[in-house]
1. Mind listing the phi-derived Karplus ³J(HN,Hα) values for the stretch 76-86, rounded to whole Hz, using 6.51, -1.76 and 1.60 with θ = phi - 60°, and x for any glycine or proline?
2. May I ask you to evaluate 6.51 cos²θ - 1.76 cosθ + 1.60, the Karplus curve with θ = phi - 60°, for each residue of the stretch 121-127 and list the ³J(HN,Hα) values in order in whole Hz, giving x for glycine and proline?
3. Could you give the nm distance between label points at Arg266 and Thr97, where each point is 7 Å from its Cα heading toward the beta carbon?
4. Work out the length of the dipole vector of the chain about its Cα centre, built from +1 on the beta-carbon of each Lys and Arg and -1 on the beta-carbon of each Asp and Glu, and round it to the nearest 20 debye.
5. Using a cut-off of 21 Å between alpha-carbon atoms, which lysines can reach Lys7, once sequence neighbours fewer than 8 places away in the same chain are excluded?
6. Looking at the stretch 17-95, which chymotrypsin sites (Phe, Trp or Tyr not before Pro) are DSSP coil and have at most 16 other C-beta atoms within 10 Å of their C-beta?
7. Using a Cα-Cα cut-off of under 14 Å, which aspartates and glutamates could be cross-linked to Lys29, ignoring same-chain neighbours fewer than 8 residues away?
8. Provide the per residue accessible area, probe 1.4 Å, for the chain, rounded to a whole number of square angstrom.
Amino acid sequence: MAALPGKVRIVEVGPRDGLQNEKMEVPTKVKLELIERLADAGLPAVEATAFVSAQWVPQMADHTEVLEGIRRRQGVSYPVLTPNLKGFQAALAAGATEVAIFGAASEAFSKKNINCSIAESLERFRPVAQAAKAAGVKVRGYISCVLGCPYAGDVPPQKVAAVAAALHDMGCYEVSLGDTIGVGTPGKTQKMIEAVAKRVPIERLAGHYHDTYGQAIANIYASLELGVATFDSSVAGLGGCPYAKGASGNVATEDVVYMLHGLGIRTGIDLDKVVDTGQWICGMIGKQPASKAGKAIAAKRATAA
């Protein structure tokens, strides 16, 4: 068996990806407390917000207040999503030091989602990447639908590799591979990563797996076997899958950390603090935590009390 990485970096996406589809408006002060609690729990990167049109994503309308209001911890990065130059300029003015751009590996998804082809979407990102480089701002790339598309079904690994290479060549220091609808299985995940790693170094890749079919943890383990050492996750599993009604979306940070610590892999994260944060934010937005480890740890504590 291949040696697993000794240390893994977790990118916490709860405050952005986890909250963006919530119908109930989450107050800015709650978002700020969530970000600060996650950073305090040892998460090295906490995706803070998205500089997108409030018309399309009303939950992110307070992006400037959020980014300006964070009490930043040394050594923690607070990336924000900036899909275009206008968004990037607003993020820069609000103090962004890291931004993220989003492409898709499926033509059908790209056309339905952002109304343009993959090639056109990459051209839109180029000025953002150039402006970021000029301003000394780090850029992370995301790719949606790397293991399947809600409109076109299977996505060929070579297609994912081509988009990843384009984002990497554009200056993205890391490319996060997103199984947006959570259909991937460990074998398919490894085939996709092997194809991408021929074009982009493995240390520049991250996994972003949704848990719609309960495969996210297995897919993370399959990625670890190939040397991937960065993963995106969301506290309490916040964020449903918008393409599968009622399905869970992001893999829960608690579940990922529990597995990694069980494997003896270092994360620098305090699992108890993450569990507390998951319980707290779910109470604030009137949801049940979707994290199995989080629920088990909380129940164990309640019995011991």
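The values are calculated or read from the model by the stated rules, or taken from the named source; none is laboratory data. Because the structure is predicted, anything quoted here is derived from the model rather than measured. Reconstructed Cβ throughout: ideal geometry from the backbone, glycine too, with neighbour counts over all protein chains shown. Surface areas here come from the heavy atoms of the whole protein model, side chains and all, with no ligands, DNA or RNA. Shrake-Rupley method; radii C 1.70, N 1.55, O 1.52, S 1.80 Å.
1. Along the stretch 76-86, the couplings run 9, 9, 10, x, 10, 7, 9, x, 8, 5, 4 Hz.
2. 5, 5, 5, 5, 7, 3, x
3. In this crude label model, Arg266 to Thr97 measures out at 2.2 nm.
4. 140
5. Hits, sequence-local ones excluded: Lys273.
6. Answer in residue order: Trp56.
7. Asp62, Glu65, Glu68
8. Heavy-atom SASA per residue in the chain reads 43 Å².
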